[in-house]
Amino acid sequence: MDVLERALAGERLGREDLMELYRLPLPEVAAVAHQLRLERADPRYVTYLIDRNINYTNVCTVACGYCAFYRTRRQPDVYTLSYEEIGQKVAELEAVGGRRILLQGGVNPDLPLEWYEGLLRYLKERHPAVRIDAFSPEEILGLEKLTGLPARQVLERLQASGLDGMPGAGAEILVDRIRHAAAPARISTADWLRIVEDALSLGMYSLASMVIGMGEGAAERVEHLLLVRDLQDRALERYQNGFSGFALWTMQLEKTRLAGKLPGASAYEYLQTLAIARIALDNIAGHQASWPTMGFKIAQTALYYGANDFGSTMLEENVVSAASGNVRRSATVREIVRQIVEAGFEPAERNVFYEIINIPDPREILATDQ
Ligand code: SF4
């Protein structure tokens, strides 16, 4: 059997097989990815999540060359939101039916661990129904350095204060030669994997992410996928808790120092890696289409290249949008539902674990003027 037949038969593909997929015609790879998507996730629905991104501070000492969001302490437009300002944003999310926030910021050395604990308690007291998925592995590494406590202990304290899960951001490409060429101080592959595993071992939610367009080739993309798959195997076996889903997007460089210096990735490369990820990651069922970086039309196409999910509303996303001239900051439920229906699927609202929690009537949603 050739590699695509073996994938269709449910065989787990190894490194050389995955490299072979990068050499095959994309329509053939996509057809297999789509078939596997239909088998591994509900074939009828494309899911979405109502949530809000809150970027609590833009002070960051990591200074990634591809980031247009961060500021150094001395720049005039630095900010750190107060507990009250963050609480107000959570209240606004609740008003539109959202029950989950993604809370992320820069690595701000002026904020002690107690500030984060106090914030979580403040939000949980006032908004007990809202999930808080917060602080990427990079921010946890920053707290590890600031406090001298191991990441696991930092996470335990945050969890005791109300932290529900960790955004899986900052993975980019899990090959140090590639990630440190673009951002020398960026969290290493080993630290990213270690801190995410700590979070998973504590029963927390995390998403597996991947960003292409940093100058990596097929070998590094395959390496990333294998590291994610291995960690998922280990976490499910040891902790009965693993990544909830997988999200792939392309590096957004237009407004960054590395514009013209890093290659970025084309729509073709995005769809190709999305399809190969669906085939490779046989232990993660939920795969997102990235409308914020690829636009709605490519995201609709992605639903035939392995994706079964349209991501989230991402109300008020600042980090990705700061880096790009033309990405969408957020979408309404109505816009997302429209894209899903136009692509030939039925929309279903999900929670962070990709469990369907509401099947709306699209006609009702599309009739509103929101
Ligand atoms: S990407 Fe994150 S870690 Fe890097 S500079 Fe921006 S805010 Fe800091």
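Okay, residues lined up against (1) of a type in the set (D, E, K, R); (2) in contact with a helix residue (DSSP H, G or I) (Cβ under 9 Å, 6 or more places away or on another chain):
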| residue | (1), (2) |
| --- | --- |
| R179 | yes, yes |
| A182 | no, no |
| S188 | no, yes |
| D191 | yes, yes |
| V196 | no, yes |
| A199 | no, yes |
| L202 | no, yes |
| S206 | no, yes |
| E216 | yes, yes |
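Which of the residues spanning the range 183-208 are within 15 Å of the ligand (Cβ to nearest atom), among the small types (G, A, S) and open to solvent by less than 10 Å² (accessible area, probe 1.4 Å)?
A183
How many residues does the range 296-342 contain that are of a type in the set (A, V, I, L, M, F, W, C), open to solvent by 40 Å² or more (accessible area, probe 1.4 Å) and at pLDDT 90 or above?
Matching residues across the range 296-342 total 2.
Taking I132, is it within 28 Å of L253 (Cα to Cα), open to solvent by less than 50 Å² (accessible area, probe 1.4 Å) and away from the ligand (no atom under 16 Å from the Cβ)?
Here the answer is no, as I132 does not meet what is asked.
Just need a number here: residues in the range 260-303 that are on the phi > 0 side of the Ramachandran plot and assigned to a helix (DSSP H, G or I).
1
Based on what the data block shows, is L111 touching a Leu at 6+ places or on another chain (Cβ under 6 Å), touching a residue at least 24 places away in the same chain (Cβ under 8 Å), farther than 25 Å from L253 by Cα and within 16 Å of the ligand (Cβ to nearest atom)?
no
Residue check, S209 against (1) more than 20 Å from L103 (Cβ to Cβ); (2) outside any loop (DSSP other than H, G, I, E, B), all met but one. Which one?
(1)
Would you mind finding the one in L38, L81 that is of a type in the set (A, V, I, L, M, F, W, C) and either within 12 Å of the ligand (Cβ to nearest atom) or touching a residue at least 12 places away in the same chain (Cβ under 8 Å) (or both)?
L81
State which residue pairs qualify: first residue within 14 Å of N351 (Cβ to Cβ) and inside the range 97-108, second residue of a type in the set (K, R) and away from the ligand (no atom under 13 Å from the Cβ) in any location, beta carbons under 9 Å apart, and separation of 6 or more residues or different chains.
G98/R52; R99/R131; R100/R52; R100/R131; I101/R52; I101/K89; I101/R131; L102/R52
Listed residues L163, L149, L143; which is farther than 15 Å from S206 by Cα, away from the ligand (no atom under 16 Å from the Cβ), surrounded by 15 or more Cβ atoms within 10 Å (Cβ to Cβ) and not aromatic (F, W, Y)?
L149
Examine the range 85-96 for a residue that is within 16 Å of the ligand (Cβ to nearest atom) and modelled with pLDDT of 95 or more, and state whether such a residue exists.
Scanning the range 85-96, I find no residue that is within 16 Å of the ligand (Cβ to nearest atom) and modelled with pLDDT of 95 or more, so the answer is no.
The values are calculated or read from the model by the stated rules, or taken from the named source; none is laboratory data. Since this is a predicted model, take the numbers as computed values, not measurements. Virtual Cβ from ideal backbone geometry, glycine too; neighbours counted across all protein chains shown. Please note that ligands, DNA and RNA were not included when accessible areas were found on the heavy atoms of the full protein model with its side chains. Shrake-Rupley method; radii C 1.70, N 1.55, O 1.52, S 1.80 Å.
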